[in-house]
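Note sheet for the following structure.
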Amino acid sequence: MKSNKKLLAAAVIFLLLITPVLVFAGGQQEAEPEAPMVEKEEAPEKKAEPFALAVVVPGVTAGSPLYEQLVEGAQQAVDKYPNASMKVVELGFNQAEWAEKMTSIVATGKYDVVISSNPSMPFVCMELAGQFPDQKFIFVDAFIEGHPQMASFLYNQVEQSYMLGYLAGLITTSDMTGANADLKIGIVVAQEYPALNKMMVPGFLQGAQAVNADITLDYRVVGNWYDANKAGELAKSMVDAGVDVIGVICGGAAPGVFEVAKERNKYVMYWDDNSYAKAPGVIAGCGALHQTKLVSEVVEDAINGKVKFGTGVKLNSRDGYIEFIGDDPNYLDIIPAAMQAEHKKVVDSIMSGSLVLEVPEL
Ligand code: RBF
């Protein structure tokens, strides 16, 4: 009997010890069939509230890389969400009408978020934001901080411009076809604004002067973002004055500069995207801002209610939104290999953060 009792006690202890193991193992086995439950829990996301986005292009989309990317990036995000929709509105080239046109878009009350791109847009929208306190705005290629209805993202344009300026400096001091003995580079801009005057023009010149401190910059203003004839006239007079490399920040007016550079065997530096194919043999350097990626990410965040309004974010090349396009066949064709290597060293030093180029106060 005694030994039977002992046996029973041992069996009970054994069972007590093993029970949690069995329960745990059983629980694990049951985990699989539970999986569909998890999917059901996620279902409300599919029945989410409708989200309407206004994509406002301050100008005309075609011919302006950052505007093309704005529309493309927004479309990419909206396509992922059945509850999201977007409408693209172009404000045209008459800037005096922008605030009024923007007001009529917002006044419809149809849009959860308005997204737009260029450094002037937060200020164009400032007054109407006060009139429509529920309207949210996202601005890319712009900076505003501390406004509860606005979120913004600014690129470090000093970096992009320095990379292009350094290449312009290498070309103007070289014996490449069309490069002369004058230490003169040029830039054709559409209009003046703080981001241009404080980041792009100084960054371009600083990059060139890192090659040779005696390089000077011939600076010309078209007066609008579309007049290719005027841009061409300016380019001619620059070439006559000894300029052999011309930077272009003039949107739809840039082809006027391409024409002249082609006729006169000169070179063009291009901001914002890979545009070598727009003038092969003439566009010798392209910077790129990855605005499609930025817009697609931030619109997705907006759809999911994750945008932090009130913030202004500064993006640099380490964040993955700015680069120099050094692997395009057109670039590899025009620029001699030794020059490519020299340029790459500087680009790499910016990309790695060993050469720090700060964004100034705008
Ligand atoms: N860039 C363009 O490519 N096309 C434009 O029509 C255009 N319009 C602009 C209007 C204003 C008022 C400002 C401040 C900038 C504009 N930009 C335009 C320039 C753009 O924001 C950016 O600075 C340059 O493309 C260089 O990255």
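Take Gly285 and tell me if it is within 16 Å of the ligand (Cβ to nearest atom) and either touching a residue at least 12 places away in the same chain (Cβ under 8 Å) or not assigned by TED's automatic domain parsing to the domain that holds Leu205 (or both). Against the criterion (within 16 Å of the ligand (Cβ to nearest atom) and either touching a residue at least 12 places away in the same chain (Cβ under 8 Å) or not assigned by TED's automatic domain parsing to the domain that holds Leu205 (or both)), Gly285 qualifies. Consider Ile185 carefully, then state whether it is over 21 Å from Lys306 (Cβ atoms), touching a Leu at 6+ places or on another chain (Cβ under 9 Å) and modelled with pLDDT of 95 or more. Answer is yes for this residue. Consider the stretch 67-106. How many of its residues are of a type in the set (Gly, Ala, Ser) and over 13 Å from Glu297 (Cα atoms)? Looking only at that region, the number is 6. Being in contact (Cβ under 8 Å) with a residue 40 or more places away in the chain and closer than 29 Å to Asn197 by Cα is a description that does not apply to Val78. Filtering the stretch 212-219 for residues that are in contact with a strand residue (DSSP E or B) (Cβ under 6 Å, 6 or more places away or on another chain), closer than 23 Å to Ile171 by Cα, outside any helix (DSSP H, G or I) and within 16 Å of the ligand (Cβ to nearest atom) leaves a non-empty set. Of all the residues in the stretch 292-322, those that are under 19 Å from Tyr162 (Cβ atoms) and touching a residue at least 60 places away in the same chain (Cβ under 8 Å) number 6. Each residue in the stretch 260-291 was checked for being among the charged types (D, E, K, R) and under 14 Å from Ile335 (Cβ atoms), and 0 pass. Select, from Val239, Val248, the only residue that is buried (at least 16 other Cβ atoms within 10 Å of the Cβ) and either in a strand (DSSP E or B) or not aliphatic (A, V, I, L, M) (or both). One residue alone meets the criteria, Val248.
Residues that are more than 13 Å from the ligand (Cβ to nearest atom), farther than 15 Å from Gly165 by Cβ and not acidic (Asp, Glu) within the stretch 258-277 comprise Phe258, Val260, Ala261, Lys262, Arg264, Asn265, Lys266, Asn274, Tyr276, Ala277, listed in sequence order.
Taken together, the criteria exclude Gly130 from residues that are more than 16 Å from the ligand (Cβ to nearest atom), out of contact with any helix residue (DSSP H, G or I) (no Cβ under 6 Å at 6 or more places or on another chain) and either polar (S, T, N, Q) or at positive phi (or both). Residue count for the stretch 151-167 satisfying the condition of being away from the ligand (no atom under 16 Å from the Cβ) and either free of Cβ contacts under 8 Å to residues at least 60 places away in the same chain or among the hydrophobic types (A, V, I, L, M, F, W, C) (or both): 2. Scan the stretch 313-323 and give yes if some residue there is outside the structural domain of Phe143 (by TED's automatic domain parsing), over 29 Å from Thr61 (Cβ atoms) and either surrounded by fewer than 13 Cβ atoms within 10 Å (Cβ to Cβ) or modelled with pLDDT of 95 or more (or both), otherwise no. Yes - at least one qualifying residue is present in the stretch 313-323. Of the helices (runs of 4 or more DSSP H) that lie entirely inside the stretch 41-126, those containing 3 or more residues that are at negative phi, more than 14 Å from the ligand (Cβ to nearest atom) and exposed (fewer than 13 other Cβ atoms within 10 Å of the Cβ) span 98-107. Contact map, the stretch 83-98: residues that are farther than 17 Å from Tyr226 by Cα paired with residues that are at pLDDT below 95, Cβ distance under 7 Å, separation 6+ or inter-chain. Pairs shown: Asn83/Ala48; Asn83/Glu49.
The values are calculated or read from the model by the stated rules, or taken from the named source; none is laboratory data. Predicted, not measured: the structure shown is a model, and the values here were computed from it. Ideal geometry is used to build each Cβ from the backbone, glycine not excepted, and the neighbour counts take in all protein chains shown.
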